[in-house]
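**Q** One structure is given below, represented as structure tokens, and several questions about it will come after.
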Amino acid sequence: MMVDAVRGGVPEHGRVPKSFVVKNQLLNLLAELGEGALLPAERQLAAAYGVARSTLRQAISELTMEGRLRAYRGRGTFVAAPKLIQPLGLHSYTEALHAMGHQPSRRVVTVDRQPAGGSLAADLGVDATDEVMHLERVLLADGEPLGLESTYLPVRRFTDLMTDFDGTGSLYQHMTDRYGIRYAEATERIETVLANPREAMLLGTNPAQPMLLMQRVSADQDGVPIERVRSLYRGDRIGFATRLIG
């Protein structure tokens, strides 16, 4: 009995905020309405659930932050599409989204060169004074911003990358086609963060929106580092899955 209560989000004493009750009522409503449906007016919902509009707004805000609802200024609040669930693995963003039936694309934000510095040089196996290429791109799914990716690669190894790769396609595929490189292993760290104002602007969200930060160092078939990548994903639009075998 206690386990069921905990799993349902209800503590042992049974007392929960009104907004939590309303949130669960709204979840049932969203399932009935279906993806893309317009949420009824606040006044109508508050009256139906017997709560103040401020309580209703809190529940709606939480569902919006979780990606269950999407609000459009001047249009209303709509039932959101399910989150994209991308498998973790050594594959490209392009491959992953195509496999899920979505159209991937990228918008280049920054392409520049800079000294590697300490930690970046260690990750890429270069000297601190060596230059690295920095490629920053907004990742899009079906035309909507999903993530912001910053990739760092050693210039000495990929001297012509800045001239023969336009940044809008798959870097993985380009590495294979142009350099014969195969991504063989990677170390990845995932944590939850908040976006800074610039990142939020590029992703079309607000700084209070939870983000998934992924930091990866990839190596080729010979164990030589290829890149260090920092990817910031919208927590309301994407999740990740992996298979664990014991």
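The values are calculated or read from the model by the stated rules, or taken from the named source; none is laboratory data. All values reported here derive from a predicted model rather than from experimental measurement. Positions of Cβ are backbone-derived with ideal geometry, glycine not excepted, and every protein chain shown enters the neighbour counts. Surface accessibility is based on the protein's heavy atoms, side chains included, excluding ligands, DNA and RNA. Shrake-Rupley method; radii C 1.70, N 1.55, O 1.52, S 1.80 Å.
**Q** For P17, what is the net charge nearby, where nearby means another residue's Cβ is under 15 Å from its Cβ and Lys, Arg count +1, Asp, Glu -1?
**A** Summing Lys/Arg as +1 and Asp/Glu as -1 gives +3.
**Q** While we're here: Classify region 80-205 from the C-alpha gyration tensor, please: rounded if a/c falls under 1.5, else prolate or oblate depending on whether a/b exceeds b/c.
**A** Since a/c reaches 1.5 and a/b is larger than b/c, the shape of region 80-205 is classed as prolate.
**Q** So, one more: State to the nearest 20 debye the size of the charge dipole of the chain about its Cα centre, where the only charges are +1 on K and R beta carbons and -1 on D and E beta carbons.
**A** Dipole about the Cα centre, nearest 20: 1200 debye.
**Q** Taking only Cα atoms, what is the 0 to 90° angle, nearest 10, from helix 53-65's long axis to the longest principal axis of the chain?
**A** For helix 53-65, the angle is close to 30 degrees.
**Q** Ok, one more. Mean 1/r over all different Cα pairs, inverted: what Kirkwood radius does region 134-246 give, in Å?
**A** 15.4
**Q** Moving on. Starting from the amide H of A184, placed 1.01 Å from N in the peptide plane, find each other amide H under 5 Å away whose residue is 5 or more places distant or on another chain.
**A** The answer is A219, D220, Q221.
**Q** On a 1.4 Å probe surface of the protein chains, which of H98, H174 comes out largest in accessible area, and what is the full order?
**A** Numbers: H98 100, H174 30 Å².
So the residues, ranked largest to smallest area, are H98, H174.
**Q** Where Lys and Arg each count +1 and Asp and Glu each count -1, what net charge lies around A52 among other residues with Cβ under 14 Å from its Cβ? Mind showing how you got there, number by number?
**A** Values: positive: K18, R43, R53, R57; negative: E42.
Every neighbour counted, the sum reads +3.
**Q** What part of the accessible area of region 88-160, given as a whole %, is carbon or sulfur when the probe is 1.4 angstrom? Walk me through the numbers on the way to the answer.
**A** Values: 1550 of 3170 Å².
Answer for region 88-160 is 49 percent, counting heavy atoms of protein chains only.
**Q** While we're looking at this one, here's another question. Would you mind working out the accessible area per residue for the chain, using a 1.4 Å probe, and quoting it in Å²? Provide the component values of the computation, followed by the final result.
**A** Numbers: 13470 Å² over 246 residues.
Per-residue accessible area for the chain comes out at 55 Å².
**Q** Please state the charge dipole magnitude for region 35-108, taken about the Cα centre, from unit charges on C-beta atoms (+1 on K and R, -1 on D and E), reported in debye and rounded to the nearest 20.
**A** 320
**Q** Going by alpha carbons, how many degrees (0 to 90, nearest 10) lie between the helix axis of 18-33 and the longest principal axis of the chain?
**A** 80
**Q** Let me ask something else about it. How many Å³ per residue does the convex hull of the Cα positions in the chain occupy?
**A** 175
**Q** Quick one: net charge around L27, please, counting Lys, Arg +1 and Asp, Glu -1 for every other residue with C-beta under 12 Å from its C-beta.
**A** So the surrounding residues net to -1.
**Q** Hey, another quick one. Please work out the C-alpha center-to-center distance from region 151-203 to region 39-100 and express it in whole Å.
**A** 30
**Q** Also, quick follow-up: At 1.4 Å probe size, what's the solvent-accessible area of R53? Round to the nearest 10 Å².
**A** The value for R53 is about 90 Å².
**Q** Right, another one. Bin width 5 Å, alpha-carbon pairs only: give the P(r) of region 82-145 as whole percents, running from 0 to the bin holding the largest distance.
**A** Here the calculated profile for region 82-145 is 4, 16, 17, 16, 14, 14, 11, 7, 1, 0.
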